[in-house]
Every structure is written in C-alpha cells, then in structure tokens.
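**Q** After the structure tokens below, expect a handful of questions from me.
The values are calculated or read from the model by the stated rules, or taken from the named source; none is laboratory data. Being a predicted model, the structure only gives us computed values, none of them experimental. Positions of Cβ are generated from backbone atoms using ideal geometry, with glycine treated the same way; all protein chains shown enter the neighbour counts. For accessibility, only protein heavy atoms count, side chains too; no ligands or nucleic acids. Shrake-Rupley method; radii C 1.70, N 1.55, O 1.52, S 1.80 Å.
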Amino acid sequence: MIKELVKDEAILSTPCEPATAADAEIAQDLVDTLLSIEDAACLAANQIGVTKAICALADDEGNTLVMYNPKVLFGMGAFKAEESCLTREGSVRVTRFVKIKVAYDELVDGEFKPRKRDFVEWPAELIQHMCDHCQGKLV
C-alpha cells in the first residue's frame, strides 16, 4: 500500500526498533511507496511513519533491495556530500564513504537470512543516508 511521507521531526528523529520477519507488510508498503515517487531512489520505514529498521533501495529499472536492520560495518574513501531528502526541506552537508560494507537481514521464505555486502559510489551513499534515518539522524 502506498503511504504518505512523514515530515514530523519527532518521528524522524526517533531511533528505529529492530525489524523482525513479521514486518514483511511494512517492507512491502515501503517498496510500494518508494516506487510510486518519481525520481526517488531510497526510503526508510520511519519516512512512512513506522519506526522499524527497514530500508528500500531502487535502481533505474525499478528493481528493489529491501534491507532489514542495516548496519554500516566500515567505510573507505571519506568525502563531503550535499544531500537532500524526501522528508526534509533543503539540503545538508554530510561525510560519506565511497565504499562501504553493510550487514543486514534479508527476508527469504519468511525467515531472516544474514547478509554482508559491499556497495560503492551512489548506492553506498544512499544506504548511508537510510542508515542515518534508522538511527534517528535528521538528514
């Protein structure tokens, strides 16, 4: 179901609770909402009003990756970036990494499977932005 984006700083600044496999419906709402927004590349669950650590990332073809409980394990190649956000006005200057390793859970056949994966450049920046959302950082 497509949800309305939340701009309430009280919700966006609340650190998200760990997600469980029972949160699959929230993840589907997140994907549906993300794909309904023109030129959107990523979305975290608190941006649709649910403070669970779930993020969705979409590529140019509309393929999505859903990450439950994502955590950036390390980053390489720090750089300064100017980022905007779907749920915040203006833009902010942040430090990001060109390459990151992320640990997350993936829902497979109703159960979480732990994953670790490297991301570089634009996808890495998007994931770092979403992880900030999950931690309640206003970006």
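**Q** Of Cys85, Cys16, Cys42, which has the largest mean-square fluctuation in a 10 Å C-alpha GNM of the chain?
**A** Of the options given, Cys85 has the highest mean-square fluctuation.
**Q** Sticking with this one: Using DSSP to call loops (not H, G, I, E or B), can you name the GluC sites (Glu not before Pro) in region 1-100 whose Cβ has at most 13 other Cβ atoms within 10 angstrom?
**A** Details: sites: Glu4, Glu9, Glu25, Glu38, Glu61, Glu82, Glu83, Glu89; in loops: Glu4, Glu38, Glu61.
Passing both the DSSP loop test and the Cβ count: Glu4, Glu38, Glu61.
**Q** Now for a different question. Only four residue types carry charge here, +1 at the Cβ of Lys and Arg and -1 at the Cβ of Asp and Glu. Report the dipole size of region 1-102 about the Cα centre in Debye, rounded to the nearest 20.
**A** The dipole of region 1-102 has a size of about 660 debye.
**Q** Distance check, please: which entries in Lys80/Lys116; Lys3/Lys80; Lys71/Lys99; Lys7/Lys52; Lys7/Lys113 exceed 21 angstrom between their Cα atoms? All intermediate terms of the calculation are to be shown ahead of the outcome.
**A** Numbers: Lys80/Lys116 25 Å; Lys3/Lys80 32 Å; Lys71/Lys99 14 Å; Lys7/Lys52 16 Å; Lys7/Lys113 32 Å.
Pairs exceeding the cut-off: Lys80/Lys116; Lys3/Lys80; Lys7/Lys113.
**Q** Testing the spin-label approximation: label points 7 Å from Cα along Cα→Cβ at Asp39 and Lys101. State their distance in nm.
**A** With each label placed 7 Å out from Cα toward Cβ, I get 3.6 nm.
**Q** In whole percent, and with a 1.4 Å probe on the protein chains, what portion of the accessible area of region 32-139 is carbon and sulfur?
**A** Using a 1.4 Å probe with all protein chains present, region 32-139 comes out at 48 percent carbon and sulfur.
**Q** Considering the alpha-carbon set of region 2-44 alone, what are its Rg and its Dmax in angstrom?
**A** Cα only, region 2-44: 11.4, 29 Å (Rg, Dmax).
**Q** Looking at the chain as a GNM with Cα springs under 10 Å, which of Pro70, Pro114, Pro15 has the largest mean-square fluctuation?
**A** Sorting by GNM fluctuation, first place goes to Pro114.
**Q** Return the distance in nm (one decimal) between the two label points of a simple spin-label model at Lys137 and Glu61, each offset 7 Å from Cα along Cα→Cβ.
**A** Spacing of the two 7 Å Cα→Cβ label points: 3.1 nm.
**Q** Given that just one value was derived from the coordinates, which of [x] 8.6; [y] 7.7; [z] 14.8 is mean projected area of the Cα convex hull in nm²?
**A** Of the labelled values, this structure produces [y].
**Q** Using DSSP loop states and a limit of at most 15 other Cβ atoms within 10 Å to flag trypsin sites (Lys or Arg not before Pro), what is the longest stretch of the chain containing no flagged site? Mind dumping the intermediate values first?
**A** Numbers: sites that count: Lys7, Lys137.
Within the chain, the longest run free of exposed trypsin sites (Lys or Arg not before Pro) spans 8-136.
**Q** Tell me whether region 31-113 comes out rounded, prolate or oblate; compute the Cα gyration tensor, take square roots of the eigenvalues as a ≥ b ≥ c, and use a/c under 1.5 as the rounded threshold.
**A** Oblate shape, in that a/c is at least 1.5 and b/c is the bigger or equal ratio.
**Q** Write down the accessible area per residue of region 41-139 in Å², having rolled a 1.4 Å probe over the full set of protein chains.
**A** It amounts to 50 Å² per residue over region 41-139.
**Q** Further question: Run the quick spin-label model on Lys71 and Val94: label points 7 Å from Cα toward the beta carbon, then report their separation in nm to one decimal.
**A** With each label placed 7 Å out from Cα toward Cβ, I get 1.9 nm.
**Q** Among Val108, Val31, Val72, which one shows the highest mean-square fluctuation when the chain is modelled as a Gaussian network with alpha-carbon springs under 10 Å?
**A** Taking springs between Cα atoms under 10 Å, the residue moving most is Val108.
**Q** Tell me, in nm to one decimal, what length is gained between Asp8 and Glu25 on full extension, where the rule is 0.36 nm per residue of separation less the Cα-Cα distance?
**A** My answer for the length gained is 3.9 nm.
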